[in-house]
Structures are given as structure tokens and as C-alpha cells.
Amino acid sequence: YEGVNTIKEMGRSIHEIPRQD
Amino acid sequence: DGCFQFTRHAGDVLLNFNRLRSRSMLTDVTVQVDGRDFHAHKAILVACSGFFYSVFMHPENANLSAISLDPKVDPECFSLLLDFMYTSCLNLNDSLVLATLNTAVYLQMEHVADTCRRFIKSRH
């Protein structure tokens, strides 16, 4: 998805499911 | 305006799927290999393996909750390939690479099979 005005966001994108609750 | 491309999204999603697997959450199939049971998500299996794609794309198989593989499949190698599906890391070593190659061919994971072949060639 390489558009002309694509800004690369290097950080985490979604929540992290824990190994256990 | 612009598109913010989250470069690590694919990895974050796959890591979450592996966390779900490790907690047997939302797993919808048990793969039985020579007496060992592996809980997994059909969608991941189908996305990564031509064999599972051909099995679960048949409507009569879509609701299968368990599947037994051919007894010739080595559970240790299946475990390695299942981990690969959920982590993108393929653990190869001299003692298991040939069996892993055979298992990858059985599961119709050709790119992994090619990597196994290159690993074997590099060793000789």
C-alpha cells in the first residue's frame, strides 16, 4: 500500500493479547 | 491527509493469534498427528498450507473439529511447521531437516520445502 503520501508508523498497531489473564 | 501504514501490523496480528493458540482460545480444530493433539485455528492452517486449504475448502469438511493426519507425518516436524505458521520462524536443524522437508511437502508448503532443500544443499 505504497501511496504518494504514505506515512510509515513504526509503533505497535493493535492491543497485545496477554499470555494469560 | 495521508495513509499511516503501521509497518508491524502483520506481525502484531500474528503474535495475537499465537497468544490465542497458546491459551486454546477460539481454536476451532484439533489436528491429531501420531497420537499427539495440536489445537489450532482453521483460518491460519488454511492460509499457510495448501493441504489444509484443500481439506477445509470442501463444504462437507468446513465444520470438522478434528482431523487426523497420515501416520507417516512426524509430530515433531508438524509442531515445527505449526510454530512457523504462527511466528514466521522456521527452526531447522541437521537431524530434523529431511523429515521437516517431507512434512512441508505433505502439507503443501512449497516455499518452506524450498528453504529446507536449500538448507540441506548448504550442508553438503
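The values are calculated or read from the model by the stated rules, or taken from the named source; none is laboratory data. Just so you know, these numbers come straight off a predicted model, no measurement behind them. We place every Cβ from the backbone using ideal geometry, glycine too, and count neighbours over all the protein chains shown.
Assorted remarks:
- For segment B:32-52, the tally of residues that are assigned to a helix (DSSP H, G or I) and surrounded by 14 or more Cβ atoms within 10 Å (Cβ to Cβ) stands at 8.
- Subset tally (residues that are of a type outside the set (A, V, I, L, M, F, W, C), surrounded by 10 or more Cβ atoms within 10 Å (Cβ to Cβ) and in a loop (DSSP other than H, G, I, E, B)) for segment B:53-62: 0
- The set of residues in segment A:1-15 being over 12 Å from B:Thr7 (Cβ atoms), modelled with pLDDT of 90 or more and facing another protein chain (nearest Cβ under 7 Å) consists of A:Ile14 alone.
- Segment B:86-107 - residue that is loosely packed, with under 15 Cβ neighbours inside 10 Å and among the polar types (S, T, N, Q) and, of those, farthest from B:Leu45 (Cα to Cα): B:Ser95
- Within segment B:1-23, the only residue that satisfies the criterion of being acidic (Asp, Glu) and loosely packed, with under 14 Cβ neighbours inside 10 Å is B:Asp1.
- Restricting attention to segment B:67-124 and to residues that are among the small types (Gly, Ala, Ser) and assigned to a helix (DSSP H, G or I), the residue that is farthest from the chain's Cα centre (by Cα) turns out to be B:Ser122.
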